[in-house]
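Accompanying notes for the structure given below.
The values are calculated or read from the model by the stated rules, or taken from the named source; none is laboratory data. It should be emphasised that the depicted structure is a prediction, and the values quoted were computed from it without experimental measurement. In this analysis, Cβ positions are derived from the backbone assuming ideal geometry, glycine residues included, and neighbour counts consider all displayed protein chains. What goes into the accessible areas is simple: the full protein's heavy atoms, side chains included, and nothing from ligands, DNA or RNA. Shrake-Rupley method; radii C 1.70, N 1.55, O 1.52, S 1.80 Å.
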Amino acid sequence: MAILTISRAVASMGDEIATATAQKLGYRFVNRKDIENRIVELGFPEEKLRKYDEKKPGFFASLTKDRDEYLDYLQTAVLEFASENNCILIGRGSFIILNDVPNHLSFRFIASDTVRLERLKNEFGWNTKQAQKRIQESDANRLGFHKSFFNYNSADPSLFHLVVNTGLFDIESASDMIAQSVRTLMTAEKEEAGKRRVDELLIAQRVINMLVLDYHLNINFMRAVTIGRKIVLHGVADSNAIVEKALSIAASELPEYKVESAISIVQDFKAYPQ
């Protein structure tokens, strides 16, 4: 019926509420490990995950092709899970990736620092200084991740359908609120439109993966837009020959689609240090 995404501050009970909501709706809860495992299955090295996964990449890590590959695999994983419908995805910018999907609802969970401090101290036996350090590191990492990969401020409430303060609402009441929102707002028309949109996004992402990751074409900042049976390629390349090769491969692999280029040609363009 719907695709739900959860963004949460540390110690705001996001996982617990997502689990309870999934049980009430009969949905699949796609947790952190599910997404990580799929990224690795798709081809991203497991040992490199820690550089990028829900944190701002360090200076040198942000200047390598690994960063772009991680994002391509992440978006693929999120879209694959979303294509199954009736699921809840948590973190990893999933609310941004699925932003314009008609049957998608996004939720953010927050709580005051005082509440979060007490939760962390009770859960881990930490003192106030240790708990405060964890909050500061987690908040900075999540803000940095969304800014670096998507250029969004994940603390902006206008990005979400509903923001819930879990210092006021417990797991039961918050999950009831979300489940009721789904039952009230979702329709068969939205579900059908959402399925079509996810399919379009997934096809576009797979075109990117094919050209950049499988055929290793040197097209930087590549994205693809699917409009009905037309695919438009965007990005930056340093020669017309690469663009023509991309069009030829895409047309051969996807004969049912008309493939066009909006790729910019910039001679001697270098996206990464040599």
Item to complete: Find all pairs meeting these conditions: Cβ atoms under 7 angstrom apart; at least six residues apart or on different chains; first residue within the stretch 224-244 and exposed (fewer than 12 other Cβ atoms within 10 Å of the Cβ); second residue of a type in the set (S, T, Y).
Response: R229/Y257; K230/Y257
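Going by the structure shown, is A82 touching a His at 6+ places or on another chain (Cβ under 9 Å) and under 21 Å from A18 (Cβ atoms)? Even if it seems obvious, please write down each step before you answer.
Working: touching a His at 6+ places or on another chain (Cβ under 9 Å): yes; under 21 Å from A18 (Cβ atoms): yes.
Taking the combined requirement at face value, the residue satisfies it.
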Worksheet entry | Checklist (1) of a type outside the set (A, V, I, L, M, F, W, C); (2) open to solvent by 20 Å² or more (accessible area, probe 1.4 Å); (3) in contact (Cβ under 8 Å) with a residue 40 or more places away in the chain applied to N220, failing item | (2)
Discussion item. Open to solvent by 10 Å² or more (accessible area, probe 1.4 Å), part of a helix (DSSP H, G or I), small (G, A, S) and touching a Ser or Thr at 6+ places or on another chain (Cβ under 9 Å): is that true of S158 in this structure?
Written reply: no
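Table: residues versus (1) buried (at least 17 other Cβ atoms within 10 Å of the Cβ); (2) touching a helix residue (DSSP H, G or I) at 6+ places or on another chain (Cβ under 6 Å); (3) not in a helix (DSSP H, G or I).
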{"site": "K129", "(1), (2), (3)": "no, no, no"}
{"site": "K133", "(1), (2), (3)": "no, no, no"}
{"site": "Q136", "(1), (2), (3)": "no, no, no"}
{"site": "D139", "(1), (2), (3)": "no, no, no"}
{"site": "R142", "(1), (2), (3)": "yes, no, no"}
{"site": "F145", "(1), (2), (3)": "yes, no, no"}
{"site": "S154", "(1), (2), (3)": "yes, yes, yes"}
{"site": "V164", "(1), (2), (3)": "yes, yes, yes"}
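Here is a list: V212, V198. Which entry is buried (at least 18 other Cβ atoms within 10 Å of the Cβ), assigned to a helix (DSSP H, G or I) and either modelled with pLDDT under 95 or at positive phi (or both)? Give the steps one after another, and end with the answer.
Details: V198 fails: either modelled with pLDDT under 95 or at positive phi (or both).
V212 is the lone residue from the list that is buried (at least 18 other Cβ atoms within 10 Å of the Cβ), assigned to a helix (DSSP H, G or I) and either modelled with pLDDT under 95 or at positive phi (or both).
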Worksheet item: Listed residues K65, K33, K56, K48; which is under 20 Å from V207 (Cβ atoms), open to solvent by 20 Å² or more (accessible area, probe 1.4 Å) and modelled with pLDDT under 95?
Response: K65
